[in-house]
Amino acid sequence: MSKIYFLITTFIINLSFYQSLYSSDQDYCVGYLEEVYWSLDPIEEIEVREKIIKFFDDNFEGAKNLDYDLYYDSQSKQFLIDLEGVDISKYKKVNYPNFEILVLDAYINLFKGDGINYCPAFWDNCSEESLKSFFQASEDFSQSWSGEDNAMKFLTDHFVNHHCTMYLDTSIDQKTFISDLNILINELTK
């Protein structure tokens, strides 16, 4: 009987340990993907943006299908989810290319977790360990990012094989993405 008790106790301890590691990794990747998104998004040079899009097309199967024109309602501060019967000329059209969709989708899905506590992205009820992982990712990112002029070097040398890319998913439903994006906008505009 004591052997069974020992095995069960060992299993529970190991499970707790691995859950803690998984949670810490998710917190880390929230920080990392946040940095990646906010570094790539402001790049305005068309040639560089096209190279980034091609990089994602070439390195993430299915990324070619991700290019969304979304419509933003500035009064509600939300993107429209259902366009059926809507006069879209009244709304601001915003294009999201593949890299923005992939990185944002992974980032949002990691930070929204249980849908209640958006830690560490918005510091809701965060443990010290969670924040430490989040900020470690920011620090690690800053060691490899050397500015917009070197975006492609960053992507090929640091991003493509980074462990956080395992959270990138190319089978993204557009309406779900918009709904999740609206959660992010809501949190950013509180």
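Name the single residue, out of those in segment 145-170 being of a type in the set (Gly, Ala, Ser) and surrounded by fewer than 17 Cβ atoms within 10 Å (Cβ to Cβ), that is modelled with the lowest pLDDT. It comes out as Gly147.
Matching residues to (1) aliphatic (A, V, I, L, M); (2) at pLDDT 95 or above; (3) under 18 Å from Val94 (Cα atoms); (4) loosely packed, with under 15 Cβ neighbours inside 10 Å:
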residue	(1), (2), (3), (4)
Ser24	no, no, no, no
Cys29	no, no, no, no
Arg49	no, yes, yes, no
Ala63	yes, yes, no, no
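Among the numbered criteria (1) assigned to a helix (DSSP H, G or I); (2) out of contact with any strand residue (DSSP E or B) (no Cβ under 7 Å at 6 or more places or on another chain); (3) surrounded by 11 or more Cβ atoms within 10 Å (Cβ to Cβ); (4) modelled with pLDDT of 95 or more, which single criterion is violated by Ile101? The single condition Ile101 does not satisfy is (2).
Free of Cβ contacts under 8 Å to residues at least 40 places away in the same chain and either out of contact with any His (no Cβ under 7 Å at 6 or more places or on another chain) or surrounded by fewer than 16 Cβ atoms within 10 Å (Cβ to Cβ) (or both), is that true of Ser142? Here the answer is no, as Ser142 does not meet what is asked. Might you let me know whether segment 66-86 holds any residue that is of a type in the set (Lys, Arg) and modelled with pLDDT under 95? So far as segment 66-86 goes, yes, one or more of its residues are of a type in the set (Lys, Arg) and modelled with pLDDT under 95.
Across segment 35-59, the qualifying residues are those that are in contact with a Phe, Trp or Tyr (Cβ under 9 Å, 6 or more places away or on another chain) and among the hydrophobic types (A, V, I, L, M, F, W, C), and the one among them that is farthest from Ile185 (Cα to Cα) is Phe55.
The values are calculated or read from the model by the stated rules, or taken from the named source; none is laboratory data. None of these values were measured; they are calculated from a predicted model. Methodologically, a virtual Cβ is constructed for each residue, glycine included, from the backbone with ideal geometry; neighbour enumeration extends over all protein chains shown.
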